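A.B. asks: Take a look at this one; I'll ask things after.
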Amino acid sequence: MKIIMLGAPGAGKGTQAKKIAEKYGIPHISTGDIFRANIKNGTELGKKAKTYMDQGLLVPDELVVDLVVDRVQQADCEKGYVLDGFPRTIPQAESLDEALAKLGDKVDFAINVEVPDENIINRMGGRRACVGCGATYHVVFNAPKVEDVCDTCGEKLILRDDDKPETVKKRLDVYHEQTQPLIDYYKKAGVLKEVDGTVAMEEVFQAIVQVLGA
Ligand code: AMP
C-alpha cells in the first residue's frame, strides 16, 4: 500500500501518517523529519535545507527527490509506505511517478486532509515539537502528560521556528501556490481521497481507515 498524505502544513497529516504506519505495519517517511534530523546532525544537507525551512520556503526539488526515491526502494518499503510531506510540488510528483513506473509500481492512495486556513493558523501556534525525537504535540488538542516535556523521550518541547506565526503565513502561501495543485494531479490519476481534517484526531483516522478499505 503506497500512500501519500496531502494537506496544508498543520492539517494533521503527520499525526495521521504515523497512525497509518502503525496500523498497517509500513514505514512512515517524513521529508520534514529527515531534514530536521540532518539539521540536528549538522550535515551538509541539513545546512542547505535549514536556510529554506527557516523562511517557510520549500527546499529545492533536487535536494529532496533523490533522497525519497532512494528511501522508497529500501527493503522495509516492500509492503508499502506512507509519505508525509512529499511530494510538495508537481515536478516532485512527476519524478516520483517516473521512478515508481520504472519499478513497475504506482501510488495507490493520495489522502487529502482538508482544513481551512483559519483553523491552521490557530492550530500552529499551539504546536510543540520535541528537541530530542521530533514527536509533535498540541497544547490543547494533543497535550503531553507533563507540560513542555516529551511523553516518549523526556526531552524538552519547543515551538519550532517554522511554526512561528509569520513563518506559518508564508508556509500557507507556499502551500497554496506550489502544493495545492497536487490535489488535481492525484484526482486526475484516480487515487485522490478526501477526508475532513477539522474533526477530532481519532475521527479523522477512522475516516482514513475507511478510505483505505481495511
Ligand atoms: P514539514 O515537517 O513536512 O512541514 O516540513 C518542514 C519544512 O521542510 C517545509 O516547510 C520545507 O521547508 C521542508 N520540506 C519538507 N518536505 C519537503 C519537500 N517535499 N519539498 C521541499 N521542501 C520540503
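A.B. asks: Out of all the residues in the range 12-37, which are under 23 Å from VAL168 (Cβ atoms), in contact with a Gly (Cβ under 6 Å, 6 or more places away or on another chain) and more than 10 Å from the ligand (Cβ to nearest atom)?
C.D. replies: GLY12
A.B. asks: Return yes when TYR137 is in a helix (DSSP H, G or I), surrounded by 19 or more Cβ atoms within 10 Å (Cβ to Cβ) and among the hydroxyl-bearing types (Ser, Thr, Tyr) and no when it is not.
C.D. replies: Against the criterion (in a helix (DSSP H, G or I), surrounded by 19 or more Cβ atoms within 10 Å (Cβ to Cβ) and among the hydroxyl-bearing types (Ser, Thr, Tyr)), TYR137 does not qualify.
A.B. asks: Another question, then. So, of the residues in the range 145-200 that are more than 16 Å from the ligand (Cβ to nearest atom) and assigned to a helix (DSSP H, G or I), which turns out to be farthest from GLN16 (Cα to Cα)?
C.D. replies: LYS188
A.B. asks: May I ask you to verify whether TYR52 is under 18 Å from the mean Cα position of the chain (by Cα) and more than 7 Å from the ligand (Cβ to nearest atom)?
C.D. replies: no
A.B. asks: Restricting the range 16-45 to residues that are buried (at least 20 other Cβ atoms within 10 Å of the Cβ) and polar (S, T, N, Q), which is farthest from ASP66 (Cα to Cα)?
C.D. replies: Filtering the range 16-45 for residues that are buried (at least 20 other Cβ atoms within 10 Å of the Cβ) and polar (S, T, N, Q), the one farthest from ASP66 (Cα to Cα) comes out as GLN16.
A.B. asks: In the list ASP173, ASP196, ASP163, ASP184, which residue meets the criterion of being among the acidic types (Asp, Glu) and over 18 Å from the mean Cα position of the chain (by Cα)?
C.D. replies: ASP184
A.B. asks: Specify the residue that is farthest from LYS23 (Cα to Cα); the eligible residues are those in the range 71-88 that are more than 13 Å from the chain's Cα centre (by Cα) and within 14 Å of the ligand (Cβ to nearest atom).
C.D. replies: Checking each candidate, the answer is ARG71.
A.B. asks: Select the helices (runs of 4 or more DSSP H) contained entirely in the range 27-120, then report the ones holding at least 1 residues which are over 21 Å from ARG160 (Cα atoms), without any contact (Cβ under 8 Å) to a residue 40 or more places away in the chain and acidic (Asp, Glu).
C.D. replies: Once the helices (runs of 4 or more DSSP H) in the range 27-120 are filtered for at least 1 residues that are over 21 Å from ARG160 (Cα atoms), without any contact (Cβ under 8 Å) to a residue 40 or more places away in the chain and acidic (Asp, Glu), what remains is 61-71, 90-102.
A.B. asks: While we're here: Which numbered condition in (1) within 18 Å of the chain's Cα centre (by Cα); (2) surrounded by fewer than 18 Cβ atoms within 10 Å (Cβ to Cβ); (3) closer than 13 Å to LEU57 by Cα is the only one that ASN142 fails?
C.D. replies: (3)
A.B. asks: Taking the residues in the range 174-214 that are within 15 Å of LEU6 (Cβ to Cβ) and of a type in the set (Ser, Thr, Tyr) as candidates, determine which candidate is surrounded by the fewest Cβ atoms within 10 Å (Cβ to Cβ).
C.D. replies: Looking at the filtered set, the residue picked out is TYR185.
Bear in mind these aren't lab numbers, they're just calculated from the coordinates by the rules spelled out. All values reported here derive from a predicted model rather than from experimental measurement. In this analysis, Cβ positions are derived from the backbone assuming ideal geometry, glycine residues included, and neighbour counts consider all displayed protein chains.
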